[in-house]
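Chemist: This is the structure I want to talk about, given as structure tokens.
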Amino acid sequence: ASYVKGTMDTIDMLAGTGLTYHHVGGGSTEDLASMKAHATSKGVDLIVEPRLSQEDLVSLVKRSRAVVSLARGEPFGLTPIEAQAAGTPALMVDEGGYCHTVEDGVSGMLLPRGDWDAWHEALEKSKQQEMRKSWSEAGRKNIAEMGLRPEDQADALTEIISKLRD
């Protein structure tokens, strides 16, 4: 959990912001102990969330200042789509699949790994209601254009199932 999800980088980035990091999805006992120790050493409040129901995840995302990810080698980038659908700013590392699901400065921000000043500026920007609204609208438009709305997925599944019947 800590290396692939970029958890240690996220903790490093949040140091000095006063923000709480909600790590969703748990991890091994060893990873969790390491994450907690690192967060404590950096002065970051860490809350490890269990595997959340869809309703609980959406609630957490909607209440958040931003959804951030510094994951390594993310092949597609579903996390920003979830954030955009909930109307929460998506602040993602400018690597991998995130570059395909976030339009930098339009539906969220793509930021360089290790440039914590840029991340802190983005976190401040994400408090602005006009920015949140603008990114949310652009993100939802992006989701629709990619065919990732729930109704698009239902139609795709219906088509697949109908072909199985033939």
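The values are calculated or read from the model by the stated rules, or taken from the named source; none is laboratory data. Fair warning: this is a prediction, and the values are worked out from it, not measured in the lab. Ideal geometry is used to build each Cβ from the backbone, glycine not excepted, and the neighbour counts take in all protein chains shown. What goes into the accessible areas is simple: the full protein's heavy atoms, side chains included, and nothing from ligands, DNA or RNA. Shrake-Rupley method; radii C 1.70, N 1.55, O 1.52, S 1.80 Å.
Chemist: Being out of contact with any helix residue (DSSP H, G or I) (no Cβ under 9 Å at 6 or more places or on another chain) and free of Cβ contacts under 8 Å to residues at least 60 places away in the same chain is true for just one of ALA144, ALA118, ALA138, ALA85. Which residue is that?
Modeler: Exactly one residue qualifies, and that residue is ALA118.
Chemist: Related question: VAL4 is checked against (1) out of contact with any Phe, Trp or Tyr (no Cβ under 6 Å at 6 or more places or on another chain); (2) surrounded by 13 or more Cβ atoms within 10 Å (Cβ to Cβ); (3) of a type in the set (Val, Ile, Thr) and fails just one. What number does that condition carry?
Modeler: Against the list (1) out of contact with any Phe, Trp or Tyr (no Cβ under 6 Å at 6 or more places or on another chain); (2) surrounded by 13 or more Cβ atoms within 10 Å (Cβ to Cβ); (3) of a type in the set (Val, Ile, Thr), VAL4 comes up short only on (2).
Chemist: In this structure, does THR40 turn out to be outside any loop (DSSP other than H, G, I, E, B), without any contact (Cβ under 8 Å) to a residue 40 or more places away in the chain and surrounded by fewer than 20 Cβ atoms within 10 Å (Cβ to Cβ)?
Modeler: Here the answer is yes, as THR40 does meet what is asked.
Chemist: Separate question: Are there strands (runs of 3 or more DSSP E) fully within the stretch 53-137 with at least 2 residues that are among the charged types (D, E, K, R) and more than 14 Å from the chain's Cα centre (by Cα)? List them.
Modeler: Hits in the stretch 53-137: none.
Chemist: Considering each residue of the stretch 138-166, count those that are in a helix (DSSP H, G or I) and either under 18 Å from the mean Cα position of the chain (by Cα) or not small (Gly, Ala, Ser) (or both), and give that number.
Modeler: 20
Chemist: Output the residue which, of all residues in the stretch 43-52 that are assigned to a strand (DSSP E or B) and of a type in the set (D, E, K, R), is most open to solvent (accessible area, probe 1.4 Å).
Modeler: Here the answer is ASP45.
Chemist: Okay, moving on. In this structure, does GLU124 turn out to be over 19 Å from MET13 (Cβ atoms) and open to solvent by 60 Å² or more (accessible area, probe 1.4 Å)?
Modeler: The answer is no for GLU124.
Chemist: Okay, next question. Across the stretch 9-33, which residue is nearest to ALA118 (Cα to Cα) among those that are at pLDDT below 95 and surrounded by 17 or more Cβ atoms within 10 Å (Cβ to Cβ)?
Modeler: Going through the qualifying residues, I end up with HIS23.
Chemist: Pull up the stretch 76-102, narrow it to residues that are modelled with pLDDT under 90 and open to solvent by 50 Å² or more (accessible area, probe 1.4 Å), then point me to the one that is farthest from LEU57 (Cα to Cα).
Modeler: Checking each candidate, the answer is HIS100.
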